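Written below as structure tokens is the structure these notes are about.
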Amino acid sequence: MTAIDLNADLGEGFGRWRLTEDEQLLSVVTSANVACGFHAGDAVTMRRVCELAAERGVTIGAQVSYRDLAGFGRRAMEVPPAELAAEVAYQIGALEVFARAAGARVAYVKPHGALYNRVVHDEEQAGAVIDGVLLADATLPVLGLPGSRLLELARKAGLAAVPEAFADRAYTDEGTLVPRGRDGAVVSDAEAVVERSVGLARSGVVTSHSGARIQVRARSLCLHGDTPGAVELARRVRTRLLAAGVRVEAFA
């Protein structure tokens, strides 16, 4: 039977401001990409999400990013490799404290936003992320885009490289994500997202922004928690996957 992990970006708030419906999404997803304070999140939020995830048996992952609270981690930044490696390790370590306090642990790492897109092609920045992961915990899997420099360097470093797909993001013909600033970059039609999820899980095929059929082989499927109706959409995706004979389970 085909198996797929469902991951979502959680803990994306700061102080009294909350963006994601963490508790509700943790009843649907199998892996939680928890913001570690650089693009969103704070100590209280990280602790709360880790406790909720542990209670529900959801795998905890560190979602690391550039230090960019004002831009939600989606602005391009130039960070020296040694500095980026240290900041990646710092974020993982901060989340690990709260994961362990909840009786769990950080089980994987996923870059966020501008950093996620940068390490698809930028070997220096991808290498810095991998160096940060190795500094924090050399056993952690790395979640990223299939064919990216990040996953290639993760494999070379002896880390598990886990490819992921996006049901609600448009793809280029080359298999990369269409930049958010372009029309149609985010798939907003709920039924289309559900159908794409099943197609990605069962056949690893999705229709690109231009209409081409492309291969996107993935072990994990990302559902963005900051989109309107995210909880109900996630429930529909999981229900349809199970109905299609797809086993939904964490990869780590």
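The table below lists the values:
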item	result
Helical contribution to [θ] at 222 nm, DSSP H n ≥ 4, -39,500 (n - 2.57), averaged over the chain, rounded to 500	-12000 deg cm²/dmol
Taking all pairs of distinct alpha-carbon atoms in the chain, Kirkwood radius in angstrom	17.8 Å
Rounded to 5, percent antiparallel among DSSP beta bridges of the chain	20 percent
Cα centroid of the range 73-89 to Cα centroid of the range 95-150, whole Å	12 Å
Efficiency of FRET between residue 214 and residue 243 - r from beta-carbon atoms, R0 22 angstrom, step 0.05	0.30
Low-density loop cleavage sites - GluC sites (Glu not before Pro) in the range 82-131, where at most 10 other Cβ are within 10 Å (DSSP)	none
Area projected by the alpha carbon convex hull of the range 1-46, averaged over all directions, nm²	3.5 nm²
Carbon + sulfur, % of accessible area of the chain - ligands and nucleic acids excluded, 1.4 Å	51 percent
Integer Hz, Karplus 6.51/-1.76/1.60 couplings in order for the range 119-133, x for Gly and Pro	7, 5, 10, 8, 5, 5, 5, 4, x, 5, 4, 4, 4, x, 5
Average accessible area per residue (Å²) across the chain - probe 1.4 Å, nucleic acids and ligands excluded	42 Å²
Computed label-point distance, nm, for sites residue 188 and residue 78 using a 7 Å Cα→Cβ extension	3.6 nm
Amide H contacts under 5 Å for residue 6, placed H, 5+ residues apart	30, 31, 221, 249
Distance between the range 32-46 and the range 193-214 - C-alpha centres, whole angstrom	30 Å
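The values are calculated or read from the model by the stated rules, or taken from the named source; none is laboratory data. Note that the structure is predicted; figures quoted are calculated from it, not measured. Because the Cβ atoms are built from the backbone with ideal geometry, glycine has one as well, and the counts that use them run over all protein chains shown. Quick note on the areas: whole protein, heavy atoms, side chains included, nothing else; ligands and nucleic acids left out. Shrake-Rupley method; radii C 1.70, N 1.55, O 1.52, S 1.80 Å.
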